[in-house]
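Enquirer: My questions all concern the structure below.
What follows is calculated from the coordinates using simple rules that are stated; it is not laboratory data. From a predicted model like this one, the values you see are computed outputs, not experimental measurements. Virtual Cβ from ideal backbone geometry, glycine too; neighbours counted across all protein chains shown.
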Amino acid sequence: MPSIRCSALACALLVAAPPSLAAGAEPVLPPSQAYQTRDSWRQPVPPFRIAERTWYIGTAGLSALLVKTEAGAVLIDGGMPQAADMLLRRMADLGVAPGELKLILHSHAHADHAGPLAAVQRATGARLLSNAESAVLLARGGSNDLHFGDGMLYPVPRVDRLLMDGEVVELGGMRFTVHFTPAHTPGSMSWTWEDNSTDETRTGQRGGKPLRIAYVDSVSAPGYELIENPRYPRIVDDYRRGFAAVRALPCDLLLTPHPDASGWAPADPAASHPSPMTCDAYAERAERALDAQIEKQREARR
Ligand SMILES: [Zn+2]
């Protein structure tokens with residue numbers, strides 16, 4: 001360890017564990033060599049229950065959901081490539097053996113959500129479901145992305161089935177409906193299913209009521225060129241269609257690939273869902289942000 005000169009107080013602060021490690025939490029997963037991401041995206045947090053059959057097993061800043069059914073489990077999204085072993089440990093902790101993971105569903109084919117799907121698929125034999133638009137991006141491991149080029153690559157998973165908009169996927173009596181919500185990527189998918197609320201959750205709900213869960217994909221446009229984009233001429237039309245689809249979803253409880261985007265705080269065991277949001281509000285906020293981004297890009301061209 002390098003020697004550091006410091007006052008008694010500063011030294012005490014230097015050696016103190018960061019808050020996330022204070023209660024025996026797991027260390028942050030290693031950064032990627034190829035691209036930088038926030039530590040929170042790689043910070044493991046204890047899994048927690050969202051509804052009777054639905055669990056959060058992601059990190060502080062990236063969602064991964066596990067739904068347990070009578071006929072095996074379903075994983076929805078995985079986070080960064082480095083999260084694969086953590087996801088397998090979480091499943092084991094929740095009583096799901098590798099061979100019991102039957103299906104993998106996902107939101108969009110970027111490295112921060114689809115990163116570990118290949119490794120999880122290899123370890124479990126689960127079938128990965130996607131749509132045509134996302135499957136080709138998954139098959140390229142994220143390369144030649146419309147907006148990011150080759151900036152965020154990840155191991156290539158095998159897509160076992162292509163879904164059409166509105167199709168229902170069934171496992172053990174649970175029914176998952178896919179909704180195409182083109183926005184953040186042209187192949188973006190949102191998922192809805194019905195579960196039951198339980199008193200055990202940290203979401204402040206009372207138990208025993210049917211709960212329509214909506215896992216809605218990202219609707220942001222981080223740095224995207226929205227006007228006369230030669231790679232994606234109808235990008236804004238797609239966003240509008242995506243927003244309309246999001247507004248129409250059955251949505252008692254909204255979850256998103258970036259949990260903070262819908263008011264979740266997975267790292268806080270006392271209040272994991274401090275500011276619940278409706279699907280309508282999620283779409284509304286994103287549409288206002290998109291309009292502002294378009295206006296700014298128009299201004300810059302004048
Ligand atoms: Zn993304």
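Enquirer: So how much slack lies between Y35 and E299, counting 0.36 nm per residue of separation and subtracting their Cα-Cα distance, in nm? Write out the running numbers ahead of the final one.
Expert: Details: separation 264, 0.36 × 264 = 95.04 nm, distance 3.10 nm.
Stretched fully, the Y35-E299 segment lengthens by 91.9 nm.
Enquirer: Please check the chain for the longest run free of GluC sites (Glu not before Pro) that are loop-located per DSSP (anything but H, G, I, E, B) and have at most 13 other Cβ atoms within 10 Å. Write down the numbers at each step before the final one.
Expert: Numbers: sites that count: E70, E200, E228.
Result, exposed sites excluded: 71-199.
Enquirer: Indicate, rounded to the nearest 5 percent, the antiparallel portion of the DSSP beta bridges found entirely in the chain.
Expert: Among the beta bridges of the chain, antiparallel pairing accounts for roughly 65 percent.
Enquirer: Same structure again: Any chance you could run the full-extension gain for R285 through A132? It's 0.36 nm times the residue separation minus the Cα-Cα distance, nm to one decimal. Could the numbers behind the result be given before it?
Expert: Working: separation 153, 0.36 × 153 = 55.08 nm, distance 2.82 nm.
The R285-A132 span can extend by a further 52.3 nm.
Enquirer: Under the 0.36 nm per residue contour assumption, what length would be gained going from the current alpha-carbon distance of K209 and R240 to full extension?
Expert: On the way: separation 31, 0.36 × 31 = 11.16 nm, distance 3.29 nm.
Roughly 7.9 nm would be gained on extension.
Enquirer: Here's a follow-up. What helices does the chain hold that run 20 Å or longer along their axis, going by alpha-carbon atoms, with a Kyte-Doolittle average of 0.0 or more, using DSSP H for the helix calls?
Expert: Helices meeting the criterion: none.
Enquirer: Which residues in region 244-271 have a backbone N closer than 17 Å to a point placed 7 Å from the Cα of R175 along the Cα-to-Cβ line?
Expert: 249-252
Enquirer: Hey, what number do you get for the chain at 222 nm if only DSSP H runs of n ≥ 4 count, each worth -39500 (n - 2.57), divided across all residues, to the nearest 500?
Expert: Numbers: 7 runs with 74 residues, N = 302.
Taking each H run of at least 4 residues, the total per residue is -7500 deg cm²/dmol.
Enquirer: Return the lysines within reach of K68: Cα separation strictly under 20 angstrom, same-chain partners fewer than 8 residues apart disregarded; answer none if there are no such residues.
Expert: K102, K209
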